[in-house]
Amino acid sequence: MTSNGSRPRDHSVQSVDRAVSILQVLATRGPSGVTEIAEELGVHKSTVFRLLATLESRGLVEQDTERGRYRIGYTMVELAAGASTVSDLSLLSRPVCQELAAAVGDTVNVAIHDGHDVISIDQAIGAAAITSIDWVGRRTPMHATGAGKLFMAHMSPDRVAEILARGVEKYTPYTIVEPAPLAAALETIRERGYATTSEEHEIGLAVIAAPVRALDGSVIAAVTLSGPTFRINEDTVPALAEQVLAAAAKISWRRGYVKRG
């Protein structure tokens, strides 16, 4: 403990974390200089240079023929060859979802989109959940669900128009089906980084959805928290959304998305 009672920062763990982020930047951008990597991660150049030297000594990065630039080393290729099917998204996300469900008490799902539908691929149920409906494998509509709206917010306008052209069902009095209000809702999602729905698919049910991103930054899945409107509402959403966003970010990092800082 430090003199003010706080725990000392574990710099060795932070260095490992940043070293992994450097490898992810090189995998995404290709050969890069110290300054480029530092700007991408939001850390000091001296820190990046020190970590690159260590990674280079172990063969994980190599200096490119162009002076001052680094690229992924051959040792990384050998390590990748030993990877197994644990990269499956549901397996990667399960401990994170279980942790979130235990913390908030309600149901947490990981969902992907397939065509015009949303499909849940994994689920964790918290102790306070009123219902234990198994959503895994079920198809739900894109326009009336938190995950679906999150996906639509990151689609091209043409793709969104294609979904709407197929017809959108009004499941409850609160389902948004008109193009203008729906477009405004998608813009709000892009601005704040997460999606919410309240009684749009089922009366009494509210959902918060946050994006899971791939190495290139694209949204490949959504982490959703669903529960009754008396627990998920305007008063509680801000704090709950932070936890859902943190869980989605953790899964994204496990999938290779670059962690800043």
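Excluding same-chain neighbours fewer than eight residues apart, the lysines reachable from residue 170 by a Cα-Cα span under 29 Å are 149. Neighbour counting of Cβ atoms within 10 Å sorts the residues 154, 143, fewest neighbours leading, into 154, 143. Sorting 93, 32 from the fewest to the most surrounding beta carbons within 10 angstrom yields 32, 93. A crude spin-label estimate for the pair residue 161 and residue 44, with each label 7 Å from Cα along the Cβ direction, gives 5.2 nm. By the count of neighbouring beta-carbon atoms within 10 Å, fewest first, 121, 163, 208, 251 end up ordered 121, 163, 251, 208. How would you classify the stretch 86-254 from its alpha-carbon gyration tensor, with a ≥ b ≥ c the square roots of the eigenvalues: rounded for a/c under 1.5, else prolate if a/b is greater than b/c, otherwise oblate? It comes out oblate by the Cα gyration axes.
Extension gain, residue 128 to residue 28: 0.36 nm times the residue separation minus the Cα-Cα distance gives 31.9 nm.
Subtract the Cα-Cα distance of residue 63 and residue 102 from 0.36 nm times their separation in residues, and report this length gain in nm to one decimal.
Stretched out fully, the residue 63 to residue 102 stretch lengthens by 9.5 nm.
Couplings for the stretch 186-194, taken from phi via the Karplus curve 6.51 cos²θ - 1.76 cosθ + 1.60 with θ = phi - 60°, read 5, 5, 4, 4, 5, 5, 9, x, 8 Hz in order; Gly and Pro are left as x. In the chain, Cα pairs under 8 Å separated by at least six residues give a relative contact order of 17 percent. With both labels modelled 7 Å from their Cα along Cα-to-Cβ, the residue 174 to residue 88 distance reads 3.5 nm.
As an exercise, use a Förster radius of 25 Å and the Cβ-Cβ distance of residue 230 and residue 136 to find the FRET efficiency, rounded to the nearest 0.05.
Using R0 = 25 Å, I get an efficiency of 0.45.
Bridging of residue 45 to aspartates and glutamates at a Cα separation below 12 Å is possible for 36, once same-chain residues fewer than 8 apart are set aside.
Taken together, the values in this text are just the output of simple stated rules run on the coordinates, not laboratory data. Since the structure is predicted, the reported quantities are computational estimates derived from the model, not experimental observations. Note: ideal-geometry Cβ built from the backbone for every residue, glycine included; neighbour counts use all protein chains shown.
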